[in-house]
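The values are calculated or read from the model by the stated rules, or taken from the named source; none is laboratory data. If you're wondering where the values come from, they're calculated on a predicted model, not measured in any experiment. Heads up, the Cβs are rebuilt from the backbone with ideal geometry, glycines too, and the neighbour counts pull from every protein chain shown.
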Amino acid sequence: MNTQTTDTLKSSDVRIFERIETECRAYCRDLPVVFEKGSGSYAISTDGTRYLDFFSGAGALNYGHNHPKMIEAAMNYIAEGNILHGLDMFTTAKRELLEEIERTLLTPKNWDYKIQFTGPTGTDANEAALKLARLVTSRREIVAFRGSYHGMSIGSLSVSGSRKLRQAGEPLLNEVTFVPYEFGPNGKFDSIEYLNQHFGDSSGGNELPAAVIVEGVQIQAGVYAASSEWLRQLQKWTKANGVLLIVDEVQTGCGRTGEFFSFENSGIVPDIITVAKSIGGLGLPMAMVFLRRGIDAWKPGEHTGTFRGNQLAFVAGRVALQFWRDEAFLQLVNDNAETFASAMESMSSSTQILETRYKGLIGGIDFGVGETAKAQEFQRRAQEEHIIVERCGREGEVVKLMPPINTPNDVLIQGLEKLSRLIG
Ligand SMILES: Cc1ncc(COP(=O)(O)O)c(C=O)c1O
């Protein structure tokens, strides 16, 4: 590499991206900064500016950037000459990860799931879940919720609500019924009664679905959290009708809502759970499906993929799971959730916004329908304060706050205070 190229890479020059990277690029449009380093709750640009990262890689960095324990484990793994790519072969790294999943999640929570490694994205985990539900039930229809987001590949996009995103993928799968979620911009809705009405009449012309796919918190929709009671009623309905319940924990999982999975407090046990993003610990690609033991109807290789054996993600992901057995970590997440809740409550009194919504360490500042420009302005001003925030909601009118869950509490407080001052 010649010096000139190195200098270009090191500088804040963004011309190469604009010249030859597709118009499809997205996040970098709101934040046209060249990042070089990451450390804990900070992403650091080429000029050394430390940005407090309240976006956390869209949920892939719940444990922050470059956690030293995960970096050490990954570096040792490489230095020892261990295998890096393994398809779905048996490897020591995968064995140790599975043992950790059993020790940290399955045994203490009394969950009888089998684990499927899919291609390393959330969307592929959802594709696998939808295919499996159809295989198991021999039904075709899927129930999804308005406002949902499950990914960009055709199956996942077919169960996602956004008209804009769907248009780019047409034609999509037809056999999807969209039901209003418990809460949304139009207020509260009795989704369970709707399901009863829609599917309850045996002469109603509607076939029962294979599965319901749901998020415990609809984050992309604008941070709407389902109540425990609603989730319980939903599971009751699926059980009564032989329908599989798929909970998409791709963004809500790995502690984002305070518990490991967002549904846990409700006491439901989904038939299928999909996981990606932070399950790879360091932001390394990995995705999984947790499927109830009794529904493992797959035949060998029916949902395969080259990159299901990212050994470095197995190594980092195992270290991340160990945190969930560490009292100091659990206490910090708990303290942070309390800090976050009180900041979100106090911001909600501002007359500049409609309301705030939150669960654990995911929060939304809703500027109201039609007020996307205000949310954009808030995001821009946050950047001036060197805080990275994203937007969600139907038209980007909700500012999404998603700090690393293990951010030092004083750093979290300072960041939230700065953002609070921006609202006034
Ligand atoms: C709830 C949910 N499901 C699925 C996905 C898709 O995951 P990926 O981008 O890894 O395909 C996302 C991504 O944001 C998500 O938030």
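Here are some notes:
- Restricting the first member to the range 228-242 and to residues that are under 13 Å from G200 (Cβ atoms), and the second to residues that are among the polar types (S, T, N, Q), the beta-carbon pairs closer than 9 Å and six or more apart or on different chains are W237/N196.
- Q197, sole failed condition from (1) of a type outside the set (K, R); (2) surrounded by 14 or more Cβ atoms within 10 Å (Cβ to Cβ); (3) not in a strand (DSSP E or B): (2)
- Yes/no for S228 being surrounded by fewer than 21 Cβ atoms within 10 Å (Cβ to Cβ), modelled with pLDDT under 95, more than 16 Å from the ligand (Cβ to nearest atom) and at negative phi: no
- Residues of the range 163-173 include none that is in contact with a strand residue (DSSP E or B) (Cβ under 7 Å, 6 or more places away or on another chain) and closer than 25 Å to V398 by Cα.
- Boolean, N62 is within 30 Å of V399 (Cβ to Cβ), of a type in the set (S, T, N, Q) and touching a strand residue (DSSP E or B) at 6+ places or on another chain (Cβ under 8 Å): no
- Taking the range 27-133 as the region of interest, the helices (runs of 4 or more DSSP H) fully inside it that hold 3 or more residues being within 19 Å of the chain's Cα centre (by Cα) and within 16 Å of the ligand (Cβ to nearest atom) are 56-59.
- Those residues of the range 327-373 which are over 17 Å from R421 (Cβ atoms) and of a type in the set (S, T, Y), in sequence order: Y358, T372
- G147 being part of a loop (DSSP other than H, G, I, E, B) and more than 24 Å from the chain's Cα centre (by Cα): no
- The set of residues in the range 163-183 being in contact with a helix residue (DSSP H, G or I) (Cβ under 8 Å, 6 or more places away or on another chain) and assigned to a strand (DSSP E or B) consists of V176, T177, V179.
- Cβ-Cβ under 7 Å pairs, at least 6 apart or on other chains, the range 258-276 side on the phi > 0 side of the Ramachandran plot, far side in a loop (DSSP other than H, G, I, E, B): G258/G360; G258/L361
- Once the range 134-169 is narrowed to residues that are free of Cβ contacts under 8 Å to residues at least 12 places away in the same chain and of a type outside the set (S, T, N, Q), the residue that is farthest from the ligand (Cβ to nearest atom) is R163.
- Unique residue being of a type in the set (A, V, I, L, M) and within 12 Å of the ligand (Cβ to nearest atom) when the list is I268, I273: I273
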